[in-house]
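Structure first, then comments.
The values are calculated or read from the model by the stated rules, or taken from the named source; none is laboratory data. Bear in mind the structure is a predicted one, so any value in this text is a computation, not a measurement. Reconstructed Cβ throughout: ideal geometry from the backbone, glycine too, with neighbour counts over all protein chains shown.
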Amino acid sequence: MSILKNAVDSIALGLEDYETSESDERRIISCARNIYAGILLLFKHKLSSLSDPNTDEALIKERVNPKIVDNKILWVGKGKKTFDYQNIKDRFESLGIKVDWKRIDKINDYRNKVEHYFDTLEHEAIQGLISNSFIIIRDFISEQLKEDPKELLGSDSWSTLVEVHEVHEKEKEDCVNSMETLTFYTEKILDAFVSYSCEECGSDLIYPSELNEDAIESEFVCKSCDVAYSYEEIVSPAIKDH
């Protein structure tokens, strides 16, 4: 089975997990794992396709050894162990392959926290991960793989990605508009609050309970799990993360 097919299958499985996660919170964890794994496999496919045919996919192998082929020295992959996230990032940067690493870091951070730290697993909370994944997957397939994302992923997976992305973007827009009615000390603090994600479930859909107030007097609520935060509870971690 090819790396590309594994990538497409992993993304499809992740989206199936999402669609059944309302009744089984374990599928939220599986969704995050599968979609993140699918993105990394897309990246590995790109590196594999750039590897010389005589090098056993050297660009994705953790170990490479020199070998003489046709009187030329080639670096040839050794063993089956392939690159991890940081290796892929380093290799992309050295090859000039552009992706939005900040967005991917958000996806990876959510995957890690949903496995180990979040006390609450909410179906709605994972929409942010899928929305970010949609942008990464769509852009990488079209710009780096030179393929049609809908055709490669299949109409079912593509429709789910688009639908979840559009719903999340509308919800996020509503939250941002509500935040902007408050009075913050600086625009930088406002931006940090807009970027903040719930510590309980990971959702980035945070909104003020009242409009047109001083932010420092406001209460902030997670739209996914309904946990409420004071200004003081958010401001330090929000600025640090931002």
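Select, from Gly128, Gly77, the only residue that is surrounded by 20 or more Cβ atoms within 10 Å (Cβ to Cβ), outside the structural domain of Arg27 (by TED's automatic domain parsing), in contact with a Leu (Cβ under 9 Å, 6 or more places away or on another chain) and not basic (Lys, Arg). I'd like the intermediate steps shown before the answer.
Numbers: Gly128 fails: outside the structural domain of Arg27 (by TED's automatic domain parsing).
Only one candidate qualifies: Gly77.
The residue that is nearest to Gly128 (Cα to Cα), among those in the stretch 219-242 that are of a type in the set (Gly, Ala, Ser) and modelled with pLDDT of 95 or more, is Ala228. Restricting attention to the stretch 155-168, the residues being surrounded by 13 or more Cβ atoms within 10 Å (Cβ to Cβ) and touching a residue at least 24 places away in the same chain (Cβ under 8 Å) number 8.
Would you call Glu57 assigned by TED's automatic domain parsing to the domain that holds Leu145, surrounded by fewer than 22 Cβ atoms within 10 Å (Cβ to Cβ) and farther than 19 Å from Asn108 by Cβ? It is false that Glu57 is assigned by TED's automatic domain parsing to the domain that holds Leu145, surrounded by fewer than 22 Cβ atoms within 10 Å (Cβ to Cβ) and farther than 19 Å from Asn108 by Cβ.
Considering only residues that are of a type in the set (Asp, Glu), touching a residue at least 60 places away in the same chain (Cβ under 8 Å), surrounded by fewer than 21 Cβ atoms within 10 Å (Cβ to Cβ) and in a loop (DSSP other than H, G, I, E, B), which ones fall in the stretch 91-125?
In the first step, residues of the stretch 91-125 are kept if they are of a type in the set (Asp, Glu); the result is 93, 100, 105, 109, 115, 119, 122, 124.
Right, trim to touching a residue at least 60 places away in the same chain (Cβ under 8 Å) and you get 115, 119, 122, 124.
Adding the requirement that they be surrounded by fewer than 21 Cβ atoms within 10 Å (Cβ to Cβ) leaves 115, 119, 124.
Of everything in the stretch 91-125, just one residue is of a type in the set (Asp, Glu), touching a residue at least 60 places away in the same chain (Cβ under 8 Å), surrounded by fewer than 21 Cβ atoms within 10 Å (Cβ to Cβ) and in a loop (DSSP other than H, G, I, E, B), namely Asp119.
Somewhere in the stretch 153-163, is a residue under 26 Å from Lys5 (Cα atoms) and not in a helix (DSSP H, G or I)? Within the stretch 153-163 (the criterion being under 26 Å from Lys5 (Cα atoms) and not in a helix (DSSP H, G or I)), the answer is yes, since at least one residue qualifies.
Table: residues versus (1) without any contact (Cβ under 8 Å) to a residue 24 or more places away in the chain; (2) at positive phi; (3) surrounded by fewer than 19 Cβ atoms within 10 Å (Cβ to Cβ).
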site: Asn177; (1), (2), (3): yes, no, yes
site: Ala192; (1), (2), (3): no, no, no
site: Glu213; (1), (2), (3): no, no, yes
site: Glu219; (1), (2), (3): yes, no, yes
site: Cys225; (1), (2), (3): no, no, no
site: Val235; (1), (2), (3): no, no, no
site: Ala238; (1), (2), (3): no, no, no
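Within the stretch 1-16, restricting attention to residues that are out of contact with any helix residue (DSSP H, G or I) (no Cβ under 7 Å at 6 or more places or on another chain) and at pLDDT 95 or above, which residue is surrounded by the most Cβ atoms within 10 Å (Cβ to Cβ)? If we take residues in the stretch 1-16 being out of contact with any helix residue (DSSP H, G or I) (no Cβ under 7 Å at 6 or more places or on another chain) and at pLDDT 95 or above, then Glu16 is surrounded by the most Cβ atoms within 10 Å (Cβ to Cβ). Against the list (1) at pLDDT 95 or above; (2) outside any loop (DSSP other than H, G, I, E, B), the condition Glu147 fails is (2).
One residue stands out among those in the stretch 36-50 that are among the small types (Gly, Ala, Ser) and surrounded by 19 or more Cβ atoms within 10 Å (Cβ to Cβ): the one that is farthest from Asp139 (Cα to Cα), which is Ser48.
Only one of the numbered conditions (1) touching an Asp or Glu at 6+ places or on another chain (Cβ under 6 Å); (2) among the polar types (S, T, N, Q); (3) at pLDDT below 95 is violated by Ser203, and that is (1).
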